[in-house]
């Protein structure tokens, strides 16, 4: 039986920056409803699913990162800047409290945390995966390419992948594990 892992000190400001970068990376291209968006780009729903969070949080992250702007987001932010309370904005727009907050960018990008959160641990894993992918890109075509490919395979162990799907049917989520036992005859 595995116990809960011990938490370590973290840099919350850096964690928030990586969280913003991750949301923007997954969303691919900034969205402003005055410009339009190509329909085959990732949706808020897709990003929320990949980040294992809510659409409201993803929208707030993208707004904070200047990656998402709509008439409604600009309206809510304008009302808040004019000094309206969240309750007044709710009454004027018909939005719920959580929705109103999701249209307001984060003011405080970091909190004074004594320990890392599960979310911070996930961001650390995300950064480690980005690093091994970058290393693999640098070694493609070189004699040690397979070593870096294996590092990439191991880094993405337990990562939720999705098959491409067929027609209008969505793909199926799956994960994999690797065997690193020396007695198995090598890497599997």
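Do we find a residue being exposed (fewer than 13 other Cβ atoms within 10 Å of the Cβ), more than 19 Å from the chain's Cα centre (by Cα) and either at pLDDT 90 or above or within 29 Å of residue 59 (Cα to Cα) (or both) anywhere in segment 127-137? There is at least one residue in segment 127-137 that is exposed (fewer than 13 other Cβ atoms within 10 Å of the Cβ), more than 19 Å from the chain's Cα centre (by Cα) and either at pLDDT 90 or above or within 29 Å of residue 59 (Cα to Cα) (or both).
Of all the numbered requirements in (1) within 30 Å of residue 76 (Cα to Cα); (2) touching a helix residue (DSSP H, G or I) at 6+ places or on another chain (Cβ under 6 Å); (3) at pLDDT below 90, residue 178 misses one, and that requirement is (1). Taking the criterion of being in a loop (DSSP other than H, G, I, E, B) and either within 17 Å of residue 107 (Cβ to Cβ) or more than 15 Å from the chain's Cα centre (by Cα) (or both), would at least one residue in segment 49-63 satisfy it? Checked segment 49-63: no residue is in a loop (DSSP other than H, G, I, E, B) and either within 17 Å of residue 107 (Cβ to Cβ) or more than 15 Å from the chain's Cα centre (by Cα) (or both).
The values are calculated or read from the model by the stated rules, or taken from the named source; none is laboratory data. Small disclaimer: the values here were computed from a predicted structure and weren't measured. Cβ: placed from backbone, ideal geometry, glycine included. Neighbour counts: every protein chain shown.
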